[in-house]
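Let me begin by presenting the structure, written as structure tokens, before commenting on it.
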Amino acid sequence: MIILGIESSCDETAAAVVTDNREILSNEVLSQIDEHAPYGGVVPEIAARAHLDAIDTIVERAMKNAGVKFSELDAIAATGGPGLIGGVLVGVMTAKAIAAVHDLPFIGVNHLEGHALTVRLTGDEAGNEIQFPYLLLLVSGGHCQLLIVEGQGSYKRLGTTIDDALGEAFDKTAKMMGLGYPGGPMVEKYAQNGDPVRFSLPRPLKGRAGCDFSFSGLKTKVRQTIENLPEGPVSEQDKSDVCASFQNAAGDVLIDRCEHAIDTFLEAHPNGTHLVVSGGVAANQSIRGRLNALCKAHGLSFAAPPAALCTDNAAMIAWAGMERFIKGDTDDLFFCPRPRWPLDPDAPKAAGAGVKA
Ligand code: KG4
Ligand code: ZN
């Protein structure tokens with residue numbers, strides 16, 4: 001079976017073709033970084049227009065590179081939310097149009113489910129398929145959650161952020177020092193030459209019960225730390241030390257929260273085998289290394305998609321669509337895009353304002 005996937009929920013216009021044999025036949029990602037960089041973050045209106053400009057070309061390219069004709073597809077999947085609604089609409093309408101013209105089933109995919117299931121497409125280090133259930137740390141620009149993935153469409157949220165997502169904290173840290181957008185990769189790069197213990201930064205919620213996250217206090221302290229540096233432009237070494245100290249603090253928080261989640265996961269699933277990390281921040285090598293060590297200490301295996309499939313892409317959308325298509329779970333053309341779409345609708349609301357999950 002072959003599925004075309006489309007992703008347009010944030011600042012990447014992407015299309016990909018995957019098979020039920022876990023092959024990625026093509027994977028086209030057009031980043032809008034240059035358009036948003038002057039603003040230090042994604043501007044929704046600019047994003048929607050840029051998706052509209054690019055989507056036809058990207059879909060055409062994905063089909064051409066896969067060597068597949070529309071008539072050979074089994075279904076079309078597109079991100080149906082959550083995300084910036086203008087962009088989501090562009091992807092959904094494009095997919096619906098292709099589905100209508102070629103008489104193909106349409107699947108409106110939950111973007112978070114795309115991140116959650118990517119690892120089942122890419123497999124473990126040996127390429128073997130990861131089986132349900134697994135523990136998932138989903139860390140991106142908009143989300144920071146710990147979930148038990150019991151199966152496609154079946155998620156138990158153990159914790160979420162009560163304020164900011166970790167990717168957002170990475171982006172703000174970079175922005176405060178003018179390192180460019182998106183900030184995550186720049187912070188990681190600078191951190192490589194920095195002193196992770198030079199600045200004393202908070203580890204919000206570390207040591208507390210449960211699996212929730214909070215990053216706004218850390219973000220504020222990073223800002224104050226930068227303000228307290230000597231006047232004038234921030235030196236390259238200071239930038240590196242701030243980045244390393246921030247990444248170290250964020251990593252400590254992730255490890256602490258994951259440790260709690262591992263206990264809960266193994267209580268519920270004593271034969272559970274994997275901790276999986278996904279979402280843009282999962283591209284961070286330092287965080288991957290620390291999670292890998294944590295898994296070793298707890299007798300779990302660690303799995304993560306390759307870095308390029310951690311950040312937004314359409315292969316993950318096509319694959320999540322595939323897992324649903326195999327179960328006969330498709331949508332009709334009346335599907336409405338959803339700006340909010342939690343993976344675990346029954347999860348209790350986390351304490352605190354502005355919860356994004
Ligand atoms: O999953 P994603 O591409 O988009 C969302 O669904 O949000 O995640 C983007 C986020 C951004 O905040 C970006 O700065 C962060 O992932 N990110 C990283 C790295 N690469 C991307 N954060 C830390 N280290 C990285 N190497
Ligand atoms: Zn994402």
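Regarding Leu205, is this residue closer than 30 Å to Glu267 by Cα and within 10 Å of ligand 1 (Cβ to nearest atom)?
Spelling it out, it is not the case that Leu205 is closer than 30 Å to Glu267 by Cα and within 10 Å of ligand 1 (Cβ to nearest atom).
Filtering the range 91-140 down to residues that are of a type in the set (D, E, K, R) and modelled with pLDDT of 95 or more, which residue is nearest to Gln152 (Cα to Cα)?
Ranking the candidates gives Glu113 first.
Among the residues of the range 315-338, is there at least one that is among the hydrophobic types (A, V, I, L, M, F, W, C), buried (at least 23 other Cβ atoms within 10 Å of the Cβ) and outside any helix (DSSP H, G or I)?
No: zero hits.
From the list Leu275, Leu291, exactly one residue is open to solvent by less than 30 Å² (accessible area, probe 1.4 Å) and either in a helix (DSSP H, G or I) or within 16 Å of ligand 2 (Cβ to nearest atom) (or both). Which is it?
From the options Leu275, Leu291, the qualifying one is Leu291.
Pairs needed: first member in the range 91-108, open to solvent by 10 Å² or more (accessible area, probe 1.4 Å); second member anywhere, among the hydroxyl-bearing types (Ser, Thr, Tyr) and in a helix (DSSP H, G or I); C-beta distance under 7 Å; at least 6 residues apart or different chains.
Qualifying pairs under 7 Å: His102/Ser71.
Go through (1) of a type outside the set (Ser, Thr, Tyr); (2) surrounded by 17 or more Cβ atoms within 10 Å (Cβ to Cβ); (3) within 12 Å of ligand 1 (Cβ to nearest atom) for Ala307 and report which single condition fails.
Against the list (1) of a type outside the set (Ser, Thr, Tyr); (2) surrounded by 17 or more Cβ atoms within 10 Å (Cβ to Cβ); (3) within 12 Å of ligand 1 (Cβ to nearest atom), Ala307 comes up short only on (2).
Just the residues that are near ligand 2 (Cβ under 10 Å from one of its atoms) and touching a Leu at 6+ places or on another chain (Cβ under 7 Å), please, taken from the range 140-152.
Passing the criteria: only His143.
Check every one of the helices (runs of 4 or more DSSP H) wholly within the range 32-115 and list those with 3 or more residues that are farther than 20 Å from Gly321 by Cα. Write out each step before concluding.
Values: elements: 33-36, 44-66, 85-102.
By residue number, 33-36, 44-66.
Is it the case that the range 6-28 has a residue that's within 16 Å of ligand 2 (Cβ to nearest atom), among the β-branched types (Val, Ile, Thr) and at pLDDT 95 or above?
As a first pass, look at the range 6-28 and keep what is within 16 Å of ligand 2 (Cβ to nearest atom): 6-16, 27.
From what is left, the residues that are among the β-branched types (Val, Ile, Thr) are 6, 13.
Subset that is at pLDDT 95 or above: 6, 13.
Yes - at least one qualifying residue is present in the range 6-28.
The values are calculated or read from the model by the stated rules, or taken from the named source; none is laboratory data. Note that this is a predicted model, so its numbers are computed, not measured. No Cβ is skipped: glycine too gets one built from the backbone with ideal geometry, and neighbour counts run over all protein chains shown. These area figures cover heavy atoms from the full protein model, side chains too; ligands, DNA and RNA do not enter into them. Shrake-Rupley method; radii C 1.70, N 1.55, O 1.52, S 1.80 Å.
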